[in-house]
1. Per 0.36 nm of contour for each residue apart, how much would the distance between LYS35 and ASN62 grow if the chain were fully extended, relative to their Cα-Cα spacing?
2. Restricting to DSSP H runs of at least four residues, report the calculated mean residue ellipticity at 222 nm for the chain, -39500 (n - 2.57) per run over all residues, nearest 500 deg cm²/dmol.
3. The range 1-80: which GluC sites (Glu not before Pro) are DSSP loop and have at most 15 other beta-carbon atoms within 10 angstrom?
4. Would you kindly state the longest site-free stretch of the chain, with sites defined as trypsin sites (Lys or Arg not before Pro) in a DSSP loop (not H, G, I, E, B) surrounded by at most 11 other Cβ atoms within 10 Å?
5. In µm²/s, what is D for the chain at 10 °C and 1.306 mPa s, where D = kT/(6 pi eta Rh) by Stokes-Einstein and Rh is the Kirkwood radius from Cα pairs?
6. Lysine pairs in the chain with alpha-carbon atoms under 28 Å apart, 8 or more places apart or on different chains: how many are there?
7. Assuming R0 = 25 Å, can you tell me the calculated FRET efficiency for the pair LYS43 and ASN81, based on Cβ-Cβ distance, to the nearest 0.05?
8. In the neighborhood of ASP52, defined by Cβ-to-Cβ distances under 14 Å, what is the net charge if each Lys or Arg adds +1 and each Asp or Glu adds -1?
Amino acid sequence: YADVEQLGRSGWTLLHAITANYPERPSPTHQTETKQFISLFGKLYPCWVCADDFKAWMKDGNEPRVSNREEFGRWACEAHNAVNVKLGKESFDCNKWQERWRTGWKD
Ligand code: FAD
């Protein structure tokens with residue numbers, strides 16, 4: 001893919017937006033479909049080295065946690081932080097994921 005940074009910003013926006021709109025009490029079907037989506041996202045994400053590392057991170061004890069919105073949002077935040085660390089970027093405080101992606105900053 002031509003622009004890994006642009007793709008990344010869009011990719012994270014999509015993922016965090018999905019977690020922000022995830023139900024507080026998802027049905028078993030919704031949870032299953034969400035896990036399938038993440039798995040396919042990892043397969044189809046068009047930066048192949050990114051996708052390989054993302055899949056390896058998930059396999060390494062970080063399977064998506066989809067039991068409710070807070071869990072899923074934190075999982076996505078942790079996934080994003082794993083990439084931040086790899087790229088030498090600052091880690092994001094995952095206590096603030098809802099503020100950043102759902103409710104808006106307070107100030
Ligand atoms: P981004 O990292 O894109 O972040 C956008 C905004 O999200 C930030 O401004 C901040 O407000 C917020 N944010 C930051 N961290 C978090 C967090 N932990 N939780 C919630 N919100 C947060 N790039 C590579 O070069 N190599 C890779 O291997 C690679 N793997 C990737 C794997 C995936 C699954 C995705 C989606 C992207 C990957 N990227 C990779 C792209 C990379 O993560 C960045 O998106 C890209 O470098 C642009 O970075 P940025 O500094 O503009 O902000």
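Where a number appears in this text, it was derived from the coordinates with a stated rule and is not lab data. Predicted model only: the values in this text are computed from it and were never measured. Backbone-built Cβ (ideal geometry, glycine too); neighbour counts: all protein chains shown.
1. Working: separation 27, 0.36 × 27 = 9.72 nm, distance 1.21 nm.
Extra length from LYS35 to ASN62 when fully extended: 8.5 nm.
2. On the way: 4 runs with 64 residues, N = 107.
Only helices count here, giving -20000 deg cm²/dmol.
3. Numbers: sites: GLU5, GLU24, GLU33, GLU70, GLU71, GLU78; in loops: GLU24.
Within the range 1-80, the qualifying GluC sites (Glu not before Pro) (loop, at most 15 other Cβ atoms within 10 Å) are GLU24.
4. Working: sites that count: LYS89, LYS106.
Here the longest segment lacking exposed loop sites spans 1-88.
5. On the way: Rh = 14.3 Å.
Calculated translational D: 111 µm²/s.
6. 19
7. Values: r = 22 Å, r/R0 = 0.88.
According to the calculation, E is roughly 0.70.
8. Details: positive: LYS43, LYS55, LYS59, LYS86; negative: ASP53, ASP60.
Taking every Cβ under 14 Å from that of ASP52, the sum is +2.
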